[in-house]
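Q: Quick one: the structure is below, and I'll ask about it shortly.
Derivation of every value follows stated rules applied to the coordinates shown; laboratory data play no part. Worth saying up front: this structure is predicted, and the values here are computed from it rather than measured. Positions of Cβ are backbone-derived with ideal geometry, glycine not excepted, and every protein chain shown enters the neighbour counts.
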Amino acid sequence: MNTILEFDDVVVHFQARGNLLSTLSGRKSGFNAVDHVSLTVDKGEILGIAGESGSGKTTICKAALGLHSTASGAITQEGKPLSINNGSLQMIFQDPLSSLNPRQTVAKSLETPLKLHKDDNKENIDETIDKLLNDVGLNEKFRNRFPHELSGGQLQRVAIARALATKPKIIFADEAVSKLDVSVRAQILNLLKSLRDKYNLTIIFVTHDLHVAHFLCDRIAIMYFGKLLELGPTKEVYANPCHPYTRELLGTLDRDNHVIASTRDIFNPLSDDVRPCRYLNRCPHVMDECRKLHPDHYPVGPEHTAACYLFDNEDD
Amino acid sequence: MKMLDVKGLNISFALDSSSINICSDVSFSLAQGKVLGLIGESGSGKTITCKAILDLLPENAEVEAKEISFKGQNLLGLNQKEFDAMRGTAMAMIFQDPVGSFNPVKTIGWHFLHAGKRRNLKQYGRGRIFDDAEAALKEVEIANPREALKKYPHQLSGGMLQRCLIALVLFLKPSLIVADEPTTNLDNLVERQIVDIFDKLRNKIDASFIFITHDMTIAEQISDEIAVMYAGQIVEHGNTADIIDNPHHPYTRALINTARELESDVDVLTEISGDITSGLGVHDKCRFGPRCPLHSAECDKPIELRNIGNHGQVRCIKAESFEGHV
Ligand SMILES: Nc1ncnc2c1ncn2[C@@H]1O[C@H](COP(=O)(O)OP(=O)(O)OP(=O)(O)O)[C@@H](O)[C@H]1O
Ligand SMILES: Nc1ncnc2c1ncn2[C@@H]1O[C@H](COP(=O)(O)OP(=O)(O)OP(=O)(O)O)[C@@H](O)[C@H]1O
Ligand code: SF4
Ligand SMILES: [Mg+2]
Ligand SMILES: [Mg+2]
C-alpha cells in the first residue's frame, strides 16, 4: 500500500511543574505523554485511535501538526517532514472553540481558510461557504452567527466545515462527532466516508465512541498512558481483542457485562518506574518479564499486533 | 417531593434587528432523587433550557415562563443576589464545554479553594479543602489527585478536565445537578464509572439530575424518564423504557433507529432528510413536518404535547399509529 504518514518511534515529553528542590531530590520532573510510538498510515485510510482518557491521543495528533515538539523519533509525510502551512493537513480539535475566533462570524471563519487556499472570486467563496455549511447539516442562516451564539454541536460542525474548507489530504479529527445528535452524526460520518471514497482523503480519527470507530475506521490503534498497546484492522480487533486492556475496553460494548473498572491502582508516570509494562497494575495475567520491560509488539493476527508478553511465542 | 417544576417556558434571542424564538412551551417536572435524560437534536435548545432555569443566559435572551420553581420556591421572583447564593450550592451545572469552565491561568486546586468559599468551608482551611478535593477527584478516577490539583487546565487532557469539572460539582454537593454531556470526552470504562458515581450520589444525597446526552445507551442506563427535544420543543416525554423501546414520535423513532444502526454492521447510516431550517420559531404547524415521513395536510396546524395512553406525552397527531409497534 501507499504510506502517506509515518510515526517512527515518536516521543513527546511534557515537563511537570517541577522546581529545583524536586529536581535535586531526584523526583522526576516530566513524563512521556507519547512514549515510543511507531505507526504508519496509508493514503485513503481511516485510522481510528481509541483508548484511555489522557493516553496521548490528542498529543500525538498535535505533534504531527507541529503543535508539540517531539523529544525523539520522527513524523514524516511521504518521507518528508510534514508541511503544515499549505492547508493539506487539517485538525478538527477536541474543543471546537479553540479553533474558532470568538469575534469572527461563521462565514468569516470559513472565508479565511478558503481565501488562503483558493484564488476564487468572492461569489464563488460565498457559494462554497454555503455548500460547506450544508455538508455539515447547517445552512446560510448561520453565516452571521458568532461562536457564542451557537450550540455545542453547531460549533463542532463549524469546526468540521473549517477543516474541510482547504480540501486537505490528511485530516486529524479529534472527537469530531462527539457533540452531535445521532442523526447529524450519521450525516457527518457518511460525509467523511464519502470524501475518503471520492478523494482518497486520509483520516486519523480519535474517538471514545467504539461504535463510531467500528463504523468508520479501517484500522484501530489502542493507546494507554502514552503507549500503543494494540493495532489492527477494526473488524479483526473487535472480533479478536488481544491485549488485556483492549479486552477490558471492548468488553464495555457488551451490555450484560457488568465488570466495572475497579477502583484501581493506575500507573503514575511521575512516581512509578516507567520500565515495566504500563498495564502492570491492572493486569490479571502478570508474568515475570512484565515487571522488567514494557513489551514490544507481537503479531497476533493478519496485520494485527499487540504489545503484551502473552503473545510472545518466540521460544515455543 | 418535587425538586423542579417548569411550566410554559419560552426563550427568544434578540439578533441584530430581529428576534428568534428558540424554546417554546417547554414544561416538565422532576422529583427528588430522580434523573431526567434530555436528548434530541443538536441546536434544539437543551442547553438553553437548562441555562434558563439557572438564570445563566446572556443579556440578549428573553425568558418567559408560567412557572419555574425549585423545591416549591418560585425562581422567577428571585433577584440577582438571591440567585447567586443558590447557584453552585443548591443547584449547579456541569457545562458542555469543560475548557471554558475553568480559569486558564489558575490551577485546578485554586478552583477547589474558590468553590470551597461558596460552600462556606473557609473555616476548614486549605488542608481540609484539599483533602475533600482529592477525595472528589479520586471518585472520578483521577489517578493522581494531588498532582492534578497543581496543574493548569491546559496541562490536562480533555477527559481529565471533564472529570475535574464533575468532581468540582460533586464537591459542592448541590441538590439539583444539570450535567450537560458530561461523558462525551471519556473512554467507556471511565464513562461507566461516572454513571455509577451519579447513581450512587443520587441515592446518597438525594440529588436530582438533568442529564443531557447524545448517547442513547447512557440515557437508557441513567435516566428514570427521558424527554426528547426537537427545534425548541419537547416532542416526547415518558418513562425511559417506553421511550427507548417504543418511541411514538417520528423524530424519536428516527433517532433511535440510527443509534441501533450504528451498533450494527452497515455501510451507510440513515440520515433524516428534508429541510432543517424550517423548525425553530414555527408556531402554526408541526416543526418536524418538513422532515417527517408521515407528514400530511392535517399536520400543518399548531401541535400540542398530549398524553398518549400510558405511554407518556407526544407532540404528534399520528402518535397512535405507533401504538404496539416495536
Ligand atoms: N501542555 C501540556 N503540558 C503538560 N502536560 C500535558 C499537556 N498537554 C497534555 N498533557 C498531559 O499529557 C497526557 C496526554 O494528554 P492528551 O491530551 O494527549 O490525552 P488524550 O488521550 O487526548 O485524552 P482525552 O481522551 O481525555 O482527550 C495527559 O496526562 C495530559 O495531562
Ligand atoms: N446567544 C445566542 N444568540 C442566538 N441564538 C443562540 C444563542 N445561543 C444559542 N442560540 C441558538 O439556540 C438554539 C439552542 O441552543 P442550545 O445550545 O440550547 O442547543 P442544544 O440543544 O444544547 O444543542 P447541542 O446538542 O448542539 O449542544 C441553537 O439553535 C443556537 O443556535
Ligand atoms: S404531526 Fe405530522 S408532521 Fe409532525 S411528527 Fe406527527 S406525523 Fe410528522
Ligand atoms: Mg484528547
Ligand atoms: Mg448543548
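Q: Can you tell me which residue is nearest to ligand 2 (Cβ to nearest atom) among those in region B:138-162 that are facing another protein chain (nearest Cβ under 7 Å) and assigned to a helix (DSSP H, G or I)?
A: The initial filter retains those residues of region B:138-162 that are facing another protein chain (nearest Cβ under 7 Å), namely B:143-144, B:147, B:150, B:157-160.
Restricting the remaining residues to those that are assigned to a helix (DSSP H, G or I) gives B:147, B:150, B:158-160.
Numbers: B:147: 32, B:150: 32, B:158: 16, B:159: 18, B:160: 22 Å.
Result: B:158.
Q: Looking for whichever is away from ligand 4 (no atom under 16 Å from the Cβ) and either surrounded by 20 or more Cβ atoms within 10 Å (Cβ to Cβ) or more than 14 Å from every other protein chain (Cβ to nearest Cβ) (or both) here; the options are B:207, B:135. Which one fits? Give the steps one after another, and end with the answer.
A: Values: B:135 fails: either surrounded by 20 or more Cβ atoms within 10 Å (Cβ to Cβ) or more than 14 Å from every other protein chain (Cβ to nearest Cβ) (or both).
Answer to the selection: B:207.
Q: A further question on this structure: Residues that are within 21 Å of residue B:304 (Cα to Cα): list the helices (runs of 4 or more DSSP H) wholly contained in region B:183-293 that include at least 2 such residues. Steps first, please.
A: Values: elements: B:188-204, B:216-222, B:240-245, B:250-263.
Of the helices (runs of 4 or more DSSP H) lying wholly inside region B:183-293, those with at least 2 residues that are within 21 Å of residue B:304 (Cα to Cα) span B:240-245, B:250-263.
Q: Mind listing whichever residues of region A:116-174 are assigned to a helix (DSSP H, G or I) and within 16 Å of ligand 5 (Cβ to nearest atom)? Before you say what the answer is, go through the steps one by one.
A: Filtering region A:116-174 for residues assigned to a helix (DSSP H, G or I) gives A:116-117, A:122-135, A:140-142, A:147-149, A:152-165.
Once the filter is applied, which keeps residues that are assigned to a helix (DSSP H, G or I) and within 16 Å of ligand 5 (Cβ to nearest atom), region A:116-174 yields A:142, A:147, A:148, A:149, A:152, A:153, A:154, A:155, A:156, A:157, A:158, A:159.
Q: Sort out which residues of region B:288-320 are more than 14 Å from chain A (Cβ to nearest Cβ), within 8 Å of ligand 3 (Cβ to nearest atom) and closer than 23 Å to residue B:225 by Cα, and write them in order of number.
A: Once the filter is applied, which keeps residues that are more than 14 Å from chain A (Cβ to nearest Cβ), within 8 Å of ligand 3 (Cβ to nearest atom) and closer than 23 Å to residue B:225 by Cα, region B:288-320 yields B:303, B:315, B:316, B:317, B:318, B:319.
Q: Identify all residues within region A:94-117 that are surrounded by 13 or more Cβ atoms within 10 Å (Cβ to Cβ) and free of Cβ contacts under 8 Å to residues at least 12 places away in the same chain; write none if there are none.
A: A:95, A:108, A:112, A:115
Q: On to the next question. Do you know which of the residues in region B:252-299 that are of a type in the set (S, T, N, Q) and surrounded by 12 or more Cβ atoms within 10 Å (Cβ to Cβ) is farthest from ligand 1 (Cβ to nearest atom)?
A: Step one: of region B:252-299, the residues of a type in the set (S, T, N, Q) are B:252, B:257-258, B:264, B:270, B:273, B:277-278, B:296.
From the residues that got through so far, the ones that are surrounded by 12 or more Cβ atoms within 10 Å (Cβ to Cβ) too are B:252, B:257-258, B:270, B:277-278.
On the way: B:252: 30, B:257: 29, B:258: 24, B:270: 29, B:277: 33, B:278: 36 Å.
Among those that are of a type in the set (S, T, N, Q) and surrounded by 12 or more Cβ atoms within 10 Å (Cβ to Cβ), it is B:278.
Q: Further, regarding this structure: Within the set of pairs 6 or more residues apart or between chains, which connect a residue that is within 12 Å of chain A (Cβ to nearest Cβ) inside region B:41-63 to a residue that is away from ligand 5 (no atom under 15 Å from the Cβ) with Cβ atoms less than 7 Å apart?
A: Once the first residue is within 12 Å of chain A (Cβ to nearest Cβ) and sits in region B:41-63, its partners that are away from ligand 5 (no atom under 15 Å from the Cβ) give B:49/B:9; B:57/B:63; B:60/B:14.
Q: Restricting attention to region A:201-215, report how many residues are touching a Lys or Arg at 6+ places or on another chain (Cβ under 7 Å) and free of Cβ contacts under 8 Å to residues at least 60 places away in the same chain.
A: 0
Q: Look at region B:85-142 and say how many of its residues are of a type in the set (Ser, Thr, Tyr) and over 18 Å from residue B:162 (Cα atoms). Spell out how you get there, then give the answer.
A: From region B:85-142, those of a type in the set (Ser, Thr, Tyr) are B:89, B:101, B:107, B:124; that's our starting set.
Applying the additional criterion that residues be over 18 Å from residue B:162 (Cα atoms) yields B:89, B:124.
Residues flagged as of a type in the set (Ser, Thr, Tyr) and over 18 Å from residue B:162 (Cα atoms) within region B:85-142 amount to 2.
Q: Out of everything in region A:267-288 that is out of contact with any helix residue (DSSP H, G or I) (no Cβ under 8 Å at 6 or more places or on another chain) and outside any loop (DSSP other than H, G, I, E, B), what residue ends up being farthest from residue B:145 (Cα to Cα)?
A: Here the residue is A:288.
Q: For region B:70-91, state whether one or more residues are under 29 Å from residue B:259 (Cβ atoms) and either in contact (Cβ under 8 Å) with a residue 24 or more places away in the chain or buried (at least 16 other Cβ atoms within 10 Å of the Cβ) (or both).
A: Filtering region B:70-91 down to residues under 29 Å from residue B:259 (Cβ atoms) leaves none.
No, region B:70-91 has no match at all.
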